[in-house]
Amino acid sequence: MERKMIEFFFSKNSVFTGIWLTTVILFSTFIYFQGNDYRQIARKPALSTKELVGVLPDGRIMERYIVPYQGRFHYVYIVGDVTSINKATINGKTTNIETEVFLNKKK
């Protein structure tokens, strides 16, 4: 009787199902927490998340603003009077990083 109970609880199907279910739960949890940073930043107003990137040799400060857009982060870099925006562009099966640079002339 005990042997049948042990075989019932530890059959190949039940072990496979347990491993599969555990894998699905762990993977789902991992995916959920990976998007946590994006969800936190997406709740804030646009261009409100600012980071200091560094100081250039000429003394100008480089700042980076994070812009959440369609599940990805885009970055706006500002150095004095120059602004650059980096974003991913998809060309067929290839993803490229496109950069737009704007120079704000001083008056």
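The numbers here are math on the coordinates, done by the rules we state, and not lab data. Just so it is clear, the model here is predicted, and its values are computed rather than measured.
What value does the range 45-107 have for Rg/Rh, both radii from Cα atoms and Rh as Kirkwood defines it?
Ratio of gyration radius to Kirkwood radius: 1.04.
Given 0.36 nm per residue, what is the gain on full extension from Thr94 to Val24 after removing their alpha carbon distance, in nm?
So the extension gain works out to 22.2 nm.
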